[in-house]
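Asker: Pasting a structure below so you can have a look.
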């Protein structure tokens, strides 16, 4: 049965990878991660037929799984070597966490909605992925007990850069977070350098709001 499902989506996955390459994603490790991780396991069954479209899809509770090219852009910007400790804010479907296990040495993920966290845990387990360390809580506070992190990815929009996350970056570490209002944001990269924090404004984005003490109010 599993082999039949894999064959069913094999061509679609290959086309998605070709589309990512056409959109400028050239990081071989990132593309291989997309080839390794079956996205259809991380979306509701009602939209599984669309799993390999380059489009966001609903996953319930007012949340979405980002379009693959957005995930690929985030991961390519980090240029992970495989040795990093990474914190993901917003587990969501679990798909990005699964991709990260192919690119980093330790993956930590925080989700504020318990039902989504449990669904992500089940999807990861179904794919044989047990390296993701999860917790339910306010992602804007980060995970200080596990800090410092070489990379922090925020999968929701914040009105400002959450200070606790910058404080949990290792020297040379990077934070990627969409910053703006609820209608639109810019992707911001924060890098901790020996001289302090350096900020770069990158791509325009549109994400669901980041809810928490250092994000938007619910």
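Any read-out appearing in this document is the output of simple, stated calculations on the displayed coordinates, not a laboratory observation. Being a predicted model, the structure only gives us computed values, none of them experimental. All Cβ positions, even for glycine, are placed from backbone atoms using ideal geometry, and neighbour counts span all protein chains on display.
Asker: What's the center-to-center distance, using Cα atoms, between the stretch 164-218 and the stretch 88-103 in Å?
Answerer: What the calculation gives is 17 Å, centre to centre.
Asker: Rounded, prolate or oblate: which fits the stretch 78-119, taking a ≥ b ≥ c as square roots of the Cα gyration tensor eigenvalues, rounded meaning a/c under 1.5, else prolate when a/b beats b/c? Each step should come with its number before you reach the end.
Answerer: Details: a/c = 2.96, a/b = 2.34, b/c = 1.27.
Prolate is the answer for the stretch 78-119, as a/c is 1.5 or above and a/b outweighs b/c.
Asker: Right, here's the next one. At a Förster distance of 22 Å, what's the computed FRET efficiency of residue 18 paired with residue 50, Cβ-Cβ distance as r, to 0.05?
Answerer: Values: r = 17 Å, r/R0 = 0.78.
Efficiency at R0 = 22 Å is approximately 0.80.
Asker: While we're here: Points 7 angstrom from Cα along the Cβ direction at residue 146 and residue 163: gap in nanometres?
Answerer: Each label point is offset 7 Å from its Cα along the Cβ direction, giving 2.4 nm.
Asker: Take the alpha carbon atoms of the stretch 28-44, find their center, do the same for the stretch 115-146, and report the distance between the two centers in whole angstrom.
Answerer: 17
Asker: Any chance you could run the full-extension gain for residue 130 through residue 105? It's 0.36 nm times the residue separation minus the Cα-Cα distance, nm to one decimal. Don't jump to the answer; show the numbers that get you there.
Answerer: Numbers: separation 25, 0.36 × 25 = 9.00 nm, distance 1.25 nm.
Separation in residues times 0.36 nm, less the Cα-Cα distance, equals 7.8 nm.
Asker: Assuming R0 = 22 Å, can you tell me the calculated FRET efficiency for the pair residue 81 and residue 182, based on Cβ-Cβ distance, to the nearest 0.05? Present the calculation step by step, with values, prior to reporting the outcome.
Answerer: Numbers: r = 35 Å, r/R0 = 1.60.
Computed FRET efficiency for residue 81 and residue 182 comes out at 0.05.
Asker: So what is the diffusion coefficient of the stretch 2-205 in µm² per second by Stokes-Einstein at 37 °C and 0.692 mPa s, using a Kirkwood Rh over Cα pairs?
Answerer: Values: Rh = 17.1 Å.
Reported coefficient: 192 µm²/s.
Asker: With axes computed from alpha carbons, what is the tilt in degrees of helix 2-22 against the longest principal axis of the chain, rounded to the nearest 10 within 0 to 90?
Answerer: Compared with the principal axis, the helix lies near 50 degrees.
Asker: Using 0.36 nm per residue of separation minus the Cα-Cα distance, give me the extension gain between residue 216 and residue 67 in nm, one decimal.
Answerer: On the way: separation 149, 0.36 × 149 = 53.64 nm, distance 2.25 nm.
Roughly 51.4 nm would be gained on extension.
Asker: Follow-up question, since we're still on this one. Helix-only estimate, please: 222 nm mean residue ellipticity of the chain, summing -39500 (n - 2.57) across DSSP H runs of length 4 or more and dividing by its residues, to the nearest 500. Write down the numbers at each step before the final one.
Answerer: Values: 6 runs with 66 residues, N = 218.
Value at 222 nm, helices only: -9000 deg cm²/dmol.
Asker: On to the next question. Work out Dmax and Rg for the stretch 1-121 from the C-alpha atoms and quote the Rg first, both in angstrom.
Answerer: 13.9, 37
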